Amino acid sequence: MHHFHYTASNLHCESVDLAEIVHLYGTPTYVYSAATMADNYNRLAKSMAGLDLQICYAMKANSNIALLRHFSNLGAGFDLVSGGEIQRVLAAGANVKTSVFAGIGKTEAEIQLALENGIFSFHVESEPELARINHVAGKLGVKAPIAIRVNPDVDAKTHAKITTGKSDNKFGIPLQNAAAAYAAAAQYPHITIKGVQMHIGSQLTSVAPFVEAVKKITPFVEQLKATYGITYFSIGGGMGIVYKDALASGQQAWWDAQPVEQRPLTPETYGEALVPLLQPLGLKIVLEHGRFMVGNAGALISEVEHLKLGASKNFLIVDAAMNDLVRPAMYESYHEIVPLHRDTTRRALVADVVGPICESGDCFAKDRQLQAVGEGECIAFLSAGAYGFTMASRYNTRSMAAEVLVQGATFELINARETFAQQIANETIPAFLKR
Ligand SMILES: *Cc1c(COP(=O)(O)O)cnc(C)c1O
């Protein structure tokens, strides 16, 4: 469920008419719903009732400091993947002490920054990384809390670029080698074994792979508790969201109308299947969802530049491009596209929706049926809150989009559109070229 809906033919985020945001801040602009994020967080927490739970929002999905503060206010810690993300948590006035640090290539400087700020735990992905963490902790005269990421070799049945739990990808330590990795960790004087971690992939639409993975590593988790006294088990993130019927899925009625076996994964289904497996372990359970928390809470608003009508194809050319939202180009992913002003009297149009970048890949949708829209009118790409702005670039010397956060009837700019001067601020012409 989310808070993007039509009121009097105009698309709103909560009680704010998106046309008002376009009027003030232009396009392309990302708009986020604070209420949707709070609902997502609270539903997830409620669905896991009965567990000692810690939700670490995977901030790589969307790391704007306003969103971090919002999640921190709700009680979340963070799943961090870089020193930059640690600094964002600090800039947001949020807590590193309830956050976990993941990633396969943490540098010494990043490890140090995490230790100095009292990180809850490092999620370790290899034996050389253990040695490095031990070395940095020794230099600082502290003990580093760790969990090892165990790869359960389960097929998450998601897109190849976002599956991580199979034995042939670069993440984690295979289950059969994990006991040896823990034994190695126990030998390091500056490491404290605190937990165990797994994460099998992203955009999972069924609970079965999660259940399979948890069941598969449960005996090992119990063994770790007995041997090393671990206190927590992180089961990662990866809960999927609705992309195809994004607008309709904002309403409970849409969910009720879906046949049970085809219903996308909900936090309730997730909790019902997993709590009975996790509760008997008697451990703190850490969740690291990113996409689920913010994906359906964001939309990218874009203005139509031209409608180019062709003999065999029509092109709707908009002012957003693959640099703003790369998911369709990178993962062939689907985003629902809706007009800001709905007019049911207009004819339908079938068009490729494309950006202005000089690449054929700069295409958001092929042969998409939409309400006819013309130059100067706006559209919204829904379910764009996760892996949207954080994966954006400046390709074609396009500025980073603006970001706006809505709460109820109020909204505020949380990231001003980048200026050209900011884009080239660090570039210089070397003396040997000046003549
Ligand atoms: C990316 C990632 C997550 C979050 O994935 P989502 O699909 O956004 O929930 C959680 N844990 C780890 C280790 C990750 O790499």
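Could you check how many residues of segment 40-65 are surrounded by fewer than 18 Cβ atoms within 10 Å (Cβ to Cβ), touching a Leu at 6+ places or on another chain (Cβ under 8 Å) and part of a helix (DSSP H, G or I)?
1
Do you know which of the residues in segment 252-296 that are buried (at least 20 other Cβ atoms within 10 Å of the Cβ) and either more than 15 Å from the ligand (Cβ to nearest atom) or free of Cβ contacts under 8 Å to residues at least 40 places away in the same chain (or both) is farthest from I241 (Cα to Cα)?
L283
Any residue at all in segment 309-319 that is touching a helix residue (DSSP H, G or I) at 6+ places or on another chain (Cβ under 9 Å) and surrounded by fewer than 19 Cβ atoms within 10 Å (Cβ to Cβ)?
No, the conditions are met nowhere in segment 309-319.
Filter segment 158-176 for residues that are within 14 Å of M198 (Cβ to Cβ) and at pLDDT 90 or above and give the result.
I173, P174, L175
Assigned to a helix (DSSP H, G or I), in the same structural domain as G240 (by TED's automatic domain parsing) and without any contact (Cβ under 8 Å) to a residue 40 or more places away in the chain, is that true of V89?
Here the answer is yes, as V89 does meet what is asked.
With the checklist (1) of a type in the set (A, V, I, L, M, F, W, C); (2) in contact with a His (Cβ under 7 Å, 6 or more places away or on another chain); (3) over 19 Å from Q54 (Cα atoms) in hand, flag the one item A102 doesn't pass.
Here A102 clears every test but (3).
Does segment 72-112 hold any residues that are closer than 13 Å to F122 by Cα, surrounded by 14 or more Cβ atoms within 10 Å (Cβ to Cβ) and within 13 Å of the ligand (Cβ to nearest atom), and which are they?
F78, D79, L80, V81, S82, S99, V100, F101, A102, G103, I104, K106 - these are the residues of segment 72-112 that are closer than 13 Å to F122 by Cα, surrounded by 14 or more Cβ atoms within 10 Å (Cβ to Cβ) and within 13 Å of the ligand (Cβ to nearest atom).
Quick one: count up the residues across segment 72-118 that are of a type in the set (A, V, I, L, M) and either under 18 Å from A185 (Cα atoms) or at pLDDT below 95 (or both).
Total meeting the criteria: 5.
Quick one: which residue in V294, V304, V221 is out of contact with any Asp or Glu (no Cβ under 9 Å at 6 or more places or on another chain), closer than 22 Å to V338 by Cβ and of a type in the set (V, I, T)? If you could, list the steps in order and put the result at the bottom.
On the way: V304 fails: out of contact with any Asp or Glu (no Cβ under 9 Å at 6 or more places or on another chain); V221 fails: closer than 22 Å to V338 by Cβ.
Only one candidate qualifies: V294.
Contact list please: Cβ distance under 8 Å, first residue in segment 21-38 and not assigned by TED's automatic domain parsing to the domain that holds A321, second residue among the hydroxyl-bearing types (S, T, Y), pairs at least six apart or on different chains.
Note: pairs meeting the criteria are I21/T29; V22/T29; T27/S302; P28/S302.
When you check A61 against the structure, is it touching a Gly at 6+ places or on another chain (Cβ under 6 Å) and either in contact (Cβ under 8 Å) with a residue 40 or more places away in the chain or outside the structural domain of T266 (by TED's automatic domain parsing) (or both), yes or no?
yes
Within segment 113-126, take every residue that is assigned to a loop (DSSP other than H, G, I, E, B) and within 15 Å of the ligand (Cβ to nearest atom) and give me the one that is surrounded by the fewest Cβ atoms within 10 Å (Cβ to Cβ).
S126
Please pick out the residue among D343, D352 that is over 23 Å from the mean Cα position of the chain (by Cα), acidic (D, E) and outside any strand (DSSP E or B).
Among D343, D352, only D343 is over 23 Å from the mean Cα position of the chain (by Cα), acidic (D, E) and outside any strand (DSSP E or B).
Pairs under 6 Å by beta carbon, first residue outside the structural domain of E125 (by TED's automatic domain parsing) and at pLDDT 95 or above in segment 179-201, partner outside any loop (DSSP other than H, G, I, E, B) and away from the ligand (no atom under 16 Å from the Cβ), six or more apart or different chains?
none
Are any residues in segment 243-279 among the hydrophobic types (A, V, I, L, M, F, W, C) and more than 25 Å from the chain's Cα centre (by Cα), and if so, which ones?
Correct list: A253, A257, V260, L277.
Within the bounds of segment 312-319, is there any residue that is in the same structural domain as V373 (by TED's automatic domain parsing), outside any helix (DSSP H, G or I) and in contact with a Phe, Trp or Tyr (Cβ under 8 Å, 6 or more places away or on another chain)?
yes
The values are calculated or read from the model by the stated rules, or taken from the named source; none is laboratory data. Being a predicted model, the structure only gives us computed values, none of them experimental. Cβ sites come from the backbone with ideal geometry, for glycine too, and all protein chains shown count toward neighbours.
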